Amino acid sequence: MRMTRAAIKVLIVDDDTIVRRGLAATVDWARFGMFVVGEAPNGKRGWEEFLRHEPDVVITDIVMPEENGLEFSRKVKASRPRTKILLLSCHKDFEYAQAGLKLGASGYLLKTTFEDEELNHFLAAFQTELTEIAPKAEPDFSDQPKVIQQAAEYIIRNLSNPMTVEDIADEVGMSRSHLSTLFKKKLGCGIHSFIEAKRLQLAKQLLKESDVNIQEVGERVGIQDAKYFSKWFKRCTGIPPSDYRNEQKGKN
């Protein structure tokens, strides 16, 4: 089985049930390679859904009971910086929307007036950004046991997140020791080495093919500290990430 690029997961958070369910039901999510994994009526419930589903895109109202969209967005960005956030606001919430943009939201729509084209513009942009930064499909794991395919796919999907061998073993339903032994036997390298190799592969891809800054490249391969990322990249390649990017850009 060849690995395929996973669909983009969307979470919708809004205390207005009509708005929330209307978005989920009427938007042509498949057009953008997306699907809705969950809904929530406030930031508190939204955070629970976020932890459960780890969505790539969050569409959230700003003013909500229990926990507002700004607090929710702050936690999302702290936990998973690559997540795209689109804010929904009313005219009176303009200052809140500006605060949301400072927190890292990609944009906002006025709930009372936005056109489908505006939402589609954001969704298309998110699709482009998320697929461009996704690890490219592996050539093949077709001759490997299913559990190895599943483990490798899980690793590649979660390069931006903290990850342990126990997490991977739980995901595929196998003991840590058994998975480690089988992984090394079948792929010729340990799980930690495989993770490091995939993180380096993605870091090189981002530096070569995108304009995201060094800090964000590090975050997207699971290294939050920019200085540590630069040291790690230099240890792996012999040159700092900025020099690697300049070299690659010079070849184009």
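Summed over the stretch 103-122, the residues that are closer than 18 Å to Thr26 by Cα and part of a helix (DSSP H, G or I) give a count of 7.
If you go through the stretch 64-83 and keep only what is out of contact with any Pro (no Cβ under 9 Å at 6 or more places or on another chain), touching a residue at least 40 places away in the same chain (Cβ under 8 Å) and either surrounded by 21 or more Cβ atoms within 10 Å (Cβ to Cβ) or of a type in the set (Val, Ile, Thr) (or both), you end up with Gly69, Phe72. Restricting attention to the stretch 133-167 and to residues that are surrounded by 14 or more Cβ atoms within 10 Å (Cβ to Cβ) and among the acidic types (Asp, Glu), the residue that is modelled with the highest pLDDT turns out to be Asp167. Provide a single number: the residues in the stretch 22-46 that are over 22 Å from Glu129 (Cα atoms) and part of a loop (DSSP other than H, G, I, E, B). The total comes to 2.
When you scan the stretch 223-243, how many residues do you find that are surrounded by fewer than 18 Cβ atoms within 10 Å (Cβ to Cβ) and either outside the structural domain of Asn161 (by TED's automatic domain parsing) or outside any helix (DSSP H, G or I) (or both)? Number of matching residues: 5.
So which residues in the stretch 87-102 are part of a strand (DSSP E or B) and free of Cβ contacts under 8 Å to residues at least 40 places away in the same chain? Of everything in the stretch 87-102, those that are part of a strand (DSSP E or B) and free of Cβ contacts under 8 Å to residues at least 40 places away in the same chain turn out to be Leu87, Ser89.
Scanning the stretch 47-66 for residues that are assigned to a strand (DSSP E or B) and in contact with a Gly (Cβ under 8 Å, 6 or more places away or on another chain) yields Val58, Thr60, Asp61. Within the stretch 211-238, residues that are under 20 Å from Gly250 (Cβ atoms) sit with their Cβ atoms under 9 Å from residues that are of a type in the set (Lys, Arg) and part of a helix (DSSP H, G or I), at 6+ positions apart or across chains, in these pairs: Val212/Arg220; Ile214/Arg245; Val217/Arg245; Phe233/Lys204; Thr237/Lys204. Filtering Ala7, Ala78 for residues that are under 13 Å from the mean Cα position of the chain (by Cα) and closer than 30 Å to Gln144 by Cα leaves a single hit, Ala7. For Glu66, the test of being under 14 Å from the mean Cα position of the chain (by Cα), of a type in the set (D, E, K, R) and in the same structural domain as Gly104 (by TED's automatic domain parsing) is failed. Within the stretch 171-178, at least one residue is more than 26 Å from Lys84 (Cβ to Cβ), at pLDDT 90 or above and within 25 Å of the chain's Cα centre (by Cα).
Filtered by the rule that a residue be of a type in the set (Gly, Ala, Ser), more than 17 Å from Ala7 (Cβ to Cβ) and without any contact (Cβ under 8 Å) to a residue 12 or more places away in the chain, the stretch 23-43 gives a lone residue, Ala25.
The values are calculated or read from the model by the stated rules, or taken from the named source; none is laboratory data. Bear in mind that the values here come from a model prediction, so they are computed numbers and not experimental data. Cβ sites come from the backbone with ideal geometry, for glycine too, and all protein chains shown count toward neighbours.
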